[in-house]
Amino acid sequence: MPAWVAGLAFLSANLGAQEVIGMAASRAKYGIATSHFYWLGAIPAMVFVGIFMMPFYYGSKARSVPDYLSLRFDEKTRGLNALTFACMTIMSSGISMYAMALLIESLHIFDTPFRLLHLPESWVFHVSIVLSALIVLAYIFLGGLTSAIYNEVLQFFLIVAGFAPLVFLGLRSVGGWSGLKANLPPEFIGPTTSTNPTSAKDKATSITCTWRSWRLFLASSCRSGPPILRPLSITLWTFCSWCAFVNAPLFATFLLGMFWRRATGHGAFFGLLSGIIAAAIHQGLTLPAGSSPGIKGGWIAVLNVYPSEMAQNFWTAIWAWTICFVVTIIINLATRPRPNNELQGLVYALTEKQRDRSGAYYTRPVPVGLIVLGLTLILNIIFF
Amino acid sequence: MGFDIRISIGFLFTTLGALLILFGLLTIQSPIYWHSLGMNINLGWGIILLIFGLLMVFFAKRSERRTAAQQTSRAKGVN
């Protein structure tokens, strides 16, 4: 498989409905601070993965995260991670399909065929969900991971082709970058300290122009639509809270497993478990501002109210990570570590470093990673 | 590697571009374009997508020819 295909597939795996739709909705709520999902979050994390974690994957011949966990720790850690990850995947695919069905419904794509077939219009939503699930099922069944990768590449180009004219027209209609700045409240573009959503009218400015051009690009005869945005901002929220539950403790387990040879299977398992439980308890004890106790938190008692959903998610993740980290260390110290010869290729200190100095600088991970980090830093400075 | 994704991308975008151009041509002077600041965005973007699609097909075909040429020269070298 050519490198550009694999690279674009990775790129577009991060361009799903949750990101494309959720990010737009989240930006309407939080402003450009949303970019810090990438500028503070994903980009440094990816560089870390590329430089430190890929050699492990090659060295240990692990093919997935649960696979690595079973090689490094034991079956119960792998099982727990596989289970939580499966839950997260089901949830997040559910959100993706829900968001997509909402879009199809509000763009009225299936209205005419449904009318011709004398089917009720209320079915459009459900048919969209089932249809998308069947299409994905069919190509995964036939081609497996390869078909998923090639499909991602195709989608990457489709997403770019769909959004490029949208951005162009949106920016043009608002009067370029300076016009956009003038039309938005300052905290949307400048300092990222404010987490308070501003008035609905301001939100609408940036979004309606985007939505208007989105609809015209499809040249469909849409009725006006933007109320759709509110349910859509939930997509990213749900996704993030699941990440806080599942991925934050996993990250602590991974770090300890990779860099500390004393880390044991018992420590990893109970650390992971207590991290997930800590996330649940934190979520149950806190509430984002403006929502009532229930799904979004506070189902045990409301001890603390955060200014926004994202602040709550972030603290959930911090709690989950810390608890997992501490519990894993305590249990590790109490249990017997595996002998060094069993950990070869699984722990950083015991893995032969692959030094690749032969190629040009842009083919080696470390220089490329540093360049990417530098560019990210510049973006952070500009929009601090 | 027998499968080249560029062929699929190329044909998909050539088709999409052609469709958009056709639609753009049929709707010249149509009031739907008040949304897009009076620009016939279907026509313009259709042309860009068509060019992109054709370029993809071109590059795929070129690399196909090159691999074929390499194989024949290697076969000759063996003989």
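We did not get these values from a lab; they are worked out from the coordinates using the rules stated. Just so we're clear, the structure is a prediction, and the values are computed from it rather than from any experiment. Note that we place each Cβ from the backbone using ideal geometry, even for glycine, and neighbour counts take in every protein chain shown.
Worth a mention:
- Computed E for residue A:172/residue B:23 - FRET, C-beta separation, R0 22 angstrom, nearest 0.05: 0.60
- Label-to-label distance, nm, for residues given as residue A:10 and residue A:259 (7 Å Cα→Cβ offset): 2.1 nm
- Segment residue A:117-residue A:64, extension gain: residue separation times 0.36 nm, minus the distance between their alpha carbons: 14.5 nm
- The residue A:311 and residue A:135 beta-carbon pair, evaluated with R₀ = 41 Å, returns a calculated FRET efficiency of approximately 0.65.
- Stokes-Einstein D (µm²/s) once Rh is taken as the Kirkwood radius of chain B over alpha-carbon pairs, at 4 °C in 1.567 mPa s: 88 µm²/s
- Low-density loop positions, chymotrypsin sites (Phe, Trp or Tyr not before Pro), chain B - DSSP coil, at most 13 other Cβ in 10 Å: B:3
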